[in-house]
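*Asks:* My questions all concern the structure below.
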Ligand code: 13P
């Protein structure tokens, strides 16, 4: 059975390790991520955006794929299926479809008050269903034409206000950015992370934009209170690189090399390898039952 992400992230916060939240796009992704985490006996969060769910045919298809794979593969580790960056409406759709965890990203709402009110409402609804909920303070931008040199820094008082609503984990900007980091990126702000942690206590914090942050910075962030690390682009790059190598070697034109099971295998294997490396980096190997 899929679980919510609360207990595993509380254990991670107490044990000072991080749990990877890996984005799925389709069957290949979900299958590979599950295989990697099961092999290393790590707790796992598989997450999906509304866009990636739409690509797969909707939230229900995505949830069915993850749940059916979990059962068919006899997975033994705790796995949460989490909505990544959901709008208010997406949160209801994902809960109805069987997601065990949601993120309401109210950072783009017109006012902080709207973020606060909607988060409060969704906390009650999610908790009534046994579903965990992540909220966000301060937008986590993407690179705009390679010119962004630093991500946003969340306001610690706003983080406290959202934490006090009873969310299970909180995403807060500490200079992180989605996608690949520009060369002139200023790095994570450990000062701001410390200020947020001081006001939010034991609440597990979430680091978005996990792709490309130097490992020493990730590990320092984990030691200062980050428990969930979101990774999306990294696995996309790994899949694309392995697939490109397969095609460029001409393998798809030899024999039945065009068979999707052959064509997609290098990419699938690359996702497994990279997910395992990241789990090791975050320190959650062997922590399935911690
Ligand atoms: P990256 O694509 O930068 O790894 O970010 C993933 C993420 O934060 C998803 O919410």
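*Asks:* Quick one: Cα centre-to-centre distance for segment 69-134 and segment 218-248, in angstrom?
*Replies:* 22 Å
*Asks:* Relative to 2.2 N^0.38 Å, what does the C-alpha radius of gyration of segment 142-289 come to as a ratio? Two decimals please. Could you put the intermediate results ahead of the total?
*Replies:* On the way: Rg = 18.8 Å, N = 148, 2.2 N^0.38 = 14.7 Å.
Computed over Cα atoms of segment 142-289, the ratio equals 1.28.
*Asks:* Also, quick follow-up: With axes computed from alpha carbons, what is the tilt in degrees of helix 233-248 against the longest principal axis of the chain, rounded to the nearest 10 within 0 to 90?
*Replies:* So the inclination is approximately 10 degrees.
*Asks:* Same structure, new question: Within the P(r) computed for segment 75-179, what percentage of the Cα pairs occupies the region above 25 Å?
*Replies:* The proportion of pairs with Cα distances above 25 Å equals 23 percent.
*Asks:* When the chain is treated as a GNM, springs tying every alpha-carbon pair under 10 Å, which of 78, 260, 204 comes out with the largest mean-square fluctuation?
*Replies:* Result for the chain, Cα springs under 10 Å: 260 fluctuates most.
*Asks:* Taking the square root of 5 times each eigenvalue of the Cα gyration tensor, what semi-axes in Å does the equivalent ellipsoid of the chain have, largest first? Could the numbers behind the result be given before it?
*Replies:* Values: eigenvalues 180, 94, 67 Å².
Working through the eigenvalues yields semi-axes of 30, 22, 18 Å.
*Asks:* Could you work out the relative contact order of segment 155-240, using alpha carbon pairs under 8 angstrom and six or more residues apart, expressed as a whole percent? Walk me through the intermediate numbers first.
*Replies:* Values: 113 pairs, mean separation 28.1, N = 86.
Relative contact order here is 33 percent.
*Asks:* Which of 203, 81, 44 ends up with the largest GNM mean-square fluctuation for the chain, with Cα atoms connected below 10 Å?
*Replies:* 203
*Asks:* Still on this structure: Can you give the relative contact order of the chain as a percent, counting alpha carbon pairs under 8 Å and 6+ residues apart?
*Replies:* Values: 581 pairs, mean separation 65.6, N = 290.
Value for the chain: 23 percent.
*Asks:* If contacts are Cα pairs under 8 angstrom and at least 6 residues apart, what is the relative contact order of segment 35-184 in percent?
*Replies:* 18 percent.
*Asks:* Of 129, 254, 14, which has the largest mean-square fluctuation in a 10 Å C-alpha GNM of the chain?
*Replies:* Most flexible of the set in this elastic network: 254.
*Asks:* Moving on. Using only the alpha-carbon atoms, how far is helix 27-40 inclined from the longest principal axis of the chain? Give it as 0 to 90 degrees, nearest 10.
*Replies:* Between the helix axis and the principal axis of the chain, the angle is about 80 degrees.
Coordinate-derived values only; no laboratory data. Given the structure is predicted, the values throughout are model-derived calculations rather than measurements.
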